[in-house]
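First the structure, in the form of structure tokens, and then the observations on it.
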Amino acid sequence: MLDGQRILVTGATGQVARPLTEDLAKRNEVWAAARFSDAKAKDELEAAGVKTAYFSMGDSDLSGLPDVDYVIHCGANVDPKTPEIGMAQNAEGSGFLMQRYKDAKAFLHMSSSSVYRVPASSSEPITEENELGGYATYSPHYAMSKLASEAVVRFQARALNLKTIITRLDVAYGSRGHGGVPMIIYEFMKNGMTYTRAEGGDSYCSPIHEDDIAEQVQNLILKADVPAPIVNLGGDQVVSVEEIIAYVESLTGLEMKMETGRDASWGMKVLDNTRRKALGGPCKVDWKDGVRSALEKRHPEALKG
């Protein structure tokens, strides 16, 4: 675990990075870098001992950012409206950030499992060597921009001799942000929305809880190197979205409206965890415990009994 270090975290107000940022701040000097369009989130981070700095992805002049030992780059435009915006903010923005921190001890770049080209919903684990060129149905230009970002990050690691690691995140969930798939499932049920199950069967994923992400990121950044290793960042359990639905139903007494279609509402992927476990160790949060805990924190009124 990182201790006594100066650390910059981008995207620190978001679902993935905020729990990590607050955990790091217990033992380190942590800077949250963001545009802070949400003033409340900025105030809450500062109240937790986190320092804040303005950062806009794609800016070339980042001289105003503080000097730090480690950089954890979780910030991303998850729904760029055009290819140009995706390339400028996610890809070029990552390159400029690495250039600013060329003298850091290490740099972690948070990528996405959406870069994989393999079909979604299969229970077969995807290794880091699987075919690339994926597509995210929820955001047409996102997966392309994340894959382009990886290329920029790989290049900068070598050009700057900056120890770097790239993590491809799977289904993240927990109590922060929108809460991930389990909390969205609850919102579907509560609001009478319909989930589409694929004709071919269940849709599988390897969900990872926010507490495991916080620990894994700290372990993995210490394994950064040149050239930059690429590591899947998913949980250790293979779970179908339909299993999560059934579990949330059992906790809340609600019922999901279901229909069958060609594709599932969420086409997920299962990530092979072999390399991640070797570098970062096992995950610790059982998915059922994690879902229950997230519901208790976000929607305590929803739980039966």
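Could you check the stretch 141-165 and list, in sequence order, the residues that are among the hydroxyl-bearing types (Ser, Thr, Tyr) and either farther than 17 Å from Asn90 by Cα or not assigned by TED's automatic domain parsing to the domain that holds Val217 (or both)?
none
Just one of (1) more than 27 Å from Gln89 (Cβ to Cβ); (2) touching a Lys or Arg at 6+ places or on another chain (Cβ under 6 Å); (3) at pLDDT 95 or above trips up Ser175, so point out which.
Only one criterion in (1) more than 27 Å from Gln89 (Cβ to Cβ); (2) touching a Lys or Arg at 6+ places or on another chain (Cβ under 6 Å); (3) at pLDDT 95 or above is unmet by Ser175, namely (3).
Kindly list the number of the only condition in (1) in contact with a strand residue (DSSP E or B) (Cβ under 6 Å, 6 or more places away or on another chain); (2) over 21 Å from Glu301 (Cβ atoms); (3) modelled with pLDDT of 95 or more that fails for Met256.
Result: Met256 fails condition (2) only.
Condition first: of a type in the set (Gly, Ala, Ser) and buried (at least 23 other Cβ atoms within 10 Å of the Cβ). Now tell me which residues in the stretch 160-216 satisfy that.
Across the stretch 160-216, the qualifying residues are Ala172, Gly174, Gly179, Gly180, Ser203, Ser206.
Filter the stretch 122-133 down to the residues that are touching a residue at least 12 places away in the same chain (Cβ under 8 Å) and surrounded by fewer than 21 Cβ atoms within 10 Å (Cβ to Cβ) and list them by number.
Matches in the stretch 122-133: Ser122, Ser123, Glu124, Pro125, Thr127, Glu128, Asn130, Glu131, Leu132, Gly133.
Per-residue answers, yes or no, for (1) in contact (Cβ under 8 Å) with a residue 60 or more places away in the chain; (2) of a type outside the set (A, V, I, L, M); (3) within 15 Å of Val285 (Cβ to Cβ); (4) in contact with a helix residue (DSSP H, G or I) (Cβ under 9 Å, 6 or more places away or on another chain):
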{"site": "Thr164", "(1), (2), (3), (4)": "yes, yes, no, yes"}
{"site": "Tyr173", "(1), (2), (3), (4)": "yes, yes, yes, yes"}
{"site": "Gly180", "(1), (2), (3), (4)": "yes, yes, yes, yes"}
{"site": "Tyr186", "(1), (2), (3), (4)": "yes, yes, no, yes"}
{"site": "Lys190", "(1), (2), (3), (4)": "yes, yes, no, yes"}
{"site": "Thr196", "(1), (2), (3), (4)": "yes, yes, no, no"}
{"site": "Glu199", "(1), (2), (3), (4)": "yes, yes, no, no"}
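Is there any pair with a first residue in the stretch 1-18 that is under 20 Å from Arg168 (Cα atoms) and assigned by TED's automatic domain parsing to the domain that holds Ala47 and a second that is of a type in the set (Asp, Glu) and not in a loop (DSSP other than H, G, I, E, B) whose Cβ atoms are under 9 Å apart and which are 6 or more apart or on different chains, and what are they?
Hits for this filter: Ala12/Glu22; Thr13/Glu44; Gln15/Glu210; Val16/Glu210; Arg18/Glu44; Arg18/Glu210.
Exactly one condition in (1) within 30 Å of Asp3 (Cβ to Cβ); (2) buried (at least 21 other Cβ atoms within 10 Å of the Cβ); (3) out of contact with any Pro (no Cβ under 9 Å at 6 or more places or on another chain) is false for Lys146; which is it?
(1)
Scan the stretch 51-75 residue by residue and report those that are among the aliphatic types (A, V, I, L, M) and modelled with pLDDT of 95 or more.
Ala53, Leu62, Leu65, Val68, Val71, Ile72
Does Ala120 meet the test of being under 20 Å from Gly86 (Cβ atoms) and either assigned by TED's automatic domain parsing to the domain that holds Glu92 or in a loop (DSSP other than H, G, I, E, B) (or both)?
no
Can you tell me how many residues within the stretch 104-146 are more than 23 Å from Asp236 (Cα to Cα) and of a type in the set (Val, Ile, Thr)?
Counting residues in the stretch 104-146 that are more than 23 Å from Asp236 (Cα to Cα) and of a type in the set (Val, Ile, Thr) gives 1.
Return the residue satisfying two criteria in turn: it lies in the stretch 236-256 and is among the acidic types (Asp, Glu) and assigned to a loop (DSSP other than H, G, I, E, B), and of such residues it is surrounded by the fewest Cβ atoms within 10 Å (Cβ to Cβ).
Ranking the candidates gives Glu255 first.
The values are calculated or read from the model by the stated rules, or taken from the named source; none is laboratory data. It should be emphasised that the depicted structure is a prediction, and the values quoted were computed from it without experimental measurement. Every residue, glycine among them, receives a Cβ derived from its backbone with ideal geometry; neighbour counts consider all protein chains shown.
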